[in-house]
1. Can you run down the residue pairs with Cβ atoms below 6 Å, 6 or more apart or on separate chains, where the first is in the range 8-20 and under 7 Å from K57 (Cα atoms) and the partner is modelled with pLDDT of 95 or more and open to solvent by 30 Å² or more (accessible area, probe 1.4 Å)?
2. Pairs needed: first member in the range 73-100, in contact (Cβ under 8 Å) with a residue 24 or more places away in the chain; second member anywhere, assigned to a loop (DSSP other than H, G, I, E, B) and among the basic types (K, R); C-beta distance under 8 Å; at least 6 residues apart or different chains.
3. Do we have any residue at all in the range 81-89 that's β-branched (V, I, T) and either open to solvent by less than 50 Å² (accessible area, probe 1.4 Å) or at pLDDT below 90 (or both)?
4. Could you list, ordered by first residue, the pairs with Cβ atoms under 8 Å in which the first is in the range 45-66 and closer than 15 Å to L18 by Cβ and the second is of a type in the set (K, R), at least 6 apart or interchain?
5. Can you pull out every residue in the range 79-102 that is part of a loop (DSSP other than H, G, I, E, B) and closer than 19 Å to A13 by Cα?
6. For the range 38-60, how many residues meet the condition of being modelled with pLDDT under 95 and acidic (D, E)?
7. Please state which one of T17, T24, T68 is touching a Pro at 6+ places or on another chain (Cβ under 7 Å), open to solvent by less than 60 Å² (accessible area, probe 1.4 Å) and β-branched (V, I, T).
8. Looking at the range 4-23, is at least one residue among the hydrophobic types (A, V, I, L, M, F, W, C), part of a helix (DSSP H, G or I) and over 23 Å from I94 (Cα atoms)?
Amino acid sequence: GVGISVHGHFRVATEKTLFAMPETAIGLFPDVGGGYFLPRLSGKIGYYLALTGFRLKGRDVLKAGIATHFVESEKLPALEKDLIALKSPSTENIADLLNSYHVK
């Protein structure tokens, strides 16, 4: 899932998010999507995740640059409702809406 979804324009994490590349924990290499984005993360975090299979939780997914927004899970139903209600779902409108729910 991560190898495909990480290439999306918007990636929302919550306090319940768990990011993992479990194949690396058993000695395999990341899938093709992971092999592309992991070395492009800032610093060496992507290399660390690829080599160790370490799991990131919640806000750490945002801090690592994998998620673009952090929203409390209890607010997801309201966010979904507001996204569906957008009359003009442009990139800018979606970004503005996500920013309004984003917890720093």
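The values are calculated or read from the model by the stated rules, or taken from the named source; none is laboratory data. None of the values given here were measured: they were computed from a predicted structure. Cβ placement follows ideal geometry from the backbone for every residue including glycine, while neighbour counts extend to all protein chains displayed. Just the protein is used for accessible areas: all its heavy atoms, side chains included, with ligands, DNA and RNA removed. Shrake-Rupley method; radii C 1.70, N 1.55, O 1.52, S 1.80 Å.
1. Qualifying pairs under 6 Å: L18/K57.
2. Between residues of the range 73-100 that are in contact (Cβ under 8 Å) with a residue 24 or more places away in the chain and residues that are assigned to a loop (DSSP other than H, G, I, E, B) and among the basic types (K, R), the close pairs are S73/K16.
3. Of the residues in the range 81-89, the ones β-branched (V, I, T) are 84.
Then keep just the ones that are either open to solvent by less than 50 Å² (accessible area, probe 1.4 Å) or at pLDDT below 90 (or both); that gives none.
The answer is no; no qualifying residue exists.
4. Note: pairs meeting the criteria are G58/K16; I66/R11.
5. Residues of the range 79-102 part of a loop (DSSP other than H, G, I, E, B): 86-90, 102.
The one that is part of a loop (DSSP other than H, G, I, E, B) and closer than 19 Å to A13 by Cα: H102.
6. 0
7. Details: T17 fails: touching a Pro at 6+ places or on another chain (Cβ under 7 Å); T68 fails: touching a Pro at 6+ places or on another chain (Cβ under 7 Å).
It is T24.
8. Taking the range 4-23 and keeping what is among the hydrophobic types (A, V, I, L, M, F, W, C), we get 4, 6, 10, 12-13, 18-21.
Restricting the remaining residues to those that are part of a helix (DSSP H, G or I) gives 4.
Next, only the ones that are over 23 Å from I94 (Cα atoms) stay: none.
No, the range 4-23 contains no residue that is among the hydrophobic types (A, V, I, L, M, F, W, C), part of a helix (DSSP H, G or I) and over 23 Å from I94 (Cα atoms).
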